[in-house]
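Bear in mind these aren't lab numbers, they're just calculated from the coordinates by the rules spelled out. None of these values were measured; they are calculated from a predicted model. Reconstructed Cβ throughout: ideal geometry from the backbone, glycine too, with neighbour counts over all protein chains shown.
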Amino acid sequence: MTMIGNSRIHLSLGDITEQRTDAIVNAANSTLMGGGGVDGAIHRKGGTEILEECKIIRKTKWPEGLPTGEAVVTTGGRLKAKMVIHTVGPIWKGGNEREPELLASAYRNCLALALKMKIRSISFPSISTGAYGYPIEKASRIALSTVFGFAREHNGIDEVHFVLHSQHDLMIYDAALKEVVQTGFTGLD
């Protein structure tokens, strides 16, 4: 555990759908209709309530789909978490199409929405590092430095968990955490 401002940052190996934080983050696709990976697992385990709320969001706020870097919230359905914050991370295209900025935006917008909803604890997966192909070494530094920057500027979120699905990913996030703490590296450089 690492403290930044009033927030505790945790790294762990596990299943994001089993987290008991107030909210979990879904690395969604822009349709918000479920999919593979984390997205599919959250929709399957959380049940139809999540999908029904996503359909309403699509009809009312984002009829063309949720833009990359934006975030919306739904119920947690049958999940242990009360809420799900859905965000769309960027597809990796080599790093020259604003991918770092868009990834940082996804994390920042999730945290801003959590703060607005008075969510005190939140769990993130490693956004964009699965099917979207973002190199996890780069993504982990952006994720952690964005969360650190947000926690320094805002009070209200007590715990931020990064829930990684493999020992390899956890080791990369642990190394990135040490780098960000020691150097203040942003991952956007």
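Things worth noting here:
- Output for the stretch 41-96, where each listed residue is over 25 Å from His165 (Cα atoms), in contact with a Leu (Cβ under 7 Å, 6 or more places away or on another chain) and among the basic types (Lys, Arg): Arg58
- Test set (1) surrounded by 12 or more Cβ atoms within 10 Å (Cβ to Cβ); (2) not in a helix (DSSP H, G or I) - Asn96 fails condition number: (1)
- Out of Ile157, Ile122, Ile127, Ile85, sole residue that is touching a Cys at 6+ places or on another chain (Cβ under 6 Å) and either touching a residue at least 24 places away in the same chain (Cβ under 8 Å) or part of a loop (DSSP other than H, G, I, E, B) (or both): Ile85
- Scanning the stretch 51-71 for residues that are over 17 Å from Phe124 (Cβ atoms) and either in contact with an Asp or Glu (Cβ under 7 Å, 6 or more places away or on another chain) or buried (at least 22 other Cβ atoms within 10 Å of the Cβ) (or both) yields one hit, Cys54.
- Residue ID - farthest from Arg44 (Cα to Cα), chosen from residues in the stretch 18-33 that are buried (at least 24 other Cβ atoms within 10 Å of the Cβ) and touching a residue at least 60 places away in the same chain (Cβ under 8 Å): Thr21
- Tally, over the stretch 26-71, of residues that are in a helix (DSSP H, G or I), within 14 Å of the chain's Cα centre (by Cα) and hydroxyl-bearing (Ser, Thr, Tyr): 0
- Residues that are of a type in the set (Lys, Arg), out of contact with any Phe, Trp or Tyr (no Cβ under 7 Å at 6 or more places or on another chain) and part of a strand (DSSP E or B) occur in the stretch 3-11; there is at least one.
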